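One structure below.
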């Protein structure tokens, strides 16, 4: 059973498009890369195939307990998840949205073992961690979760398969995220 944070939002995996009540929603990578003065391809093309493989393997591990991959990063991460989060429910590829403009998938969410409304959120990177980009990404996820659900985010992490490390990420304030997403001051 998965975690549902935005009922009614649909994701077309093949086209990588999000929809709510027939309206197409934008992903967040484009607005973040534009804000940082980067091309979308700077973030995705270099590690696209490896990223797809590792994300699918981690998702399979969270859902079934078996990753089915010999990728060194996946082997490391599944071992870490098994030991670090043994008492917590883990969910993968969880949709988040504002239901009007944006939607995205959070790579991994862990529920607090004592309070299932308190979450830790994770983004997996296969290549070089670009701190500014991943900070914005996790900040947007946190904002969408806290603004449009009854959940709260305790901690944010970037999981670097290249470094074999969980890097803490300190989310930006909601007002900064609103300014990025909606050009509000």
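Read the figures in this text as sums done on the coordinates, not as results from a lab. Note that this is a predicted model, so its numbers are computed, not measured. Positions of Cβ are backbone-derived with ideal geometry, glycine not excepted, and every protein chain shown enters the neighbour counts.
Here are some notes:
- By the count of other C-beta atoms within 10 Å, a proxy for reagent exposure, 180, 144, 52, 118 are ordered fewest to most as 52, 118, 180, 144.
- Residue-span extension gain [residue 56 to residue 154] - 0.36 nm each, minus C-alpha spacing: 32.8 nm
- Value of [θ]222 nm, deg cm²/dmol, for the chain, DSSP H segments ≥ 4, -39500 (n - 2.57) each, nearest 500: -11500 deg cm²/dmol
- Cα shape, the range 66-144, gyration tensor, a/c 1.5 rule: oblate
- Taking 126, 135 and counting other C-beta atoms within 10 Å, the order from fewest to most: 135, 126
- Overall form of the range 115-185 per C-alpha gyration tensor (a/c, 1.5; a/b vs b/c): oblate
- Alpha carbon Rg of the chain, scaled by the compact-globule rule 2.2 N^0.38 Å: 0.98
- Spin-label model, residue 132 to residue 64: label points 7 Å out along the Cα-to-beta-carbon direction sit 4.1 nm apart.
- Förster radius 30 Å - calculated FRET efficiency between residue 38 and residue 166 (Cβ-Cβ, nearest 0.05): 0.80
- Per-residue extension of 0.36 nm, minus the Cα-Cα distance of residue 26 and residue 4, leaves a gain of 6.0 nm for this segment.
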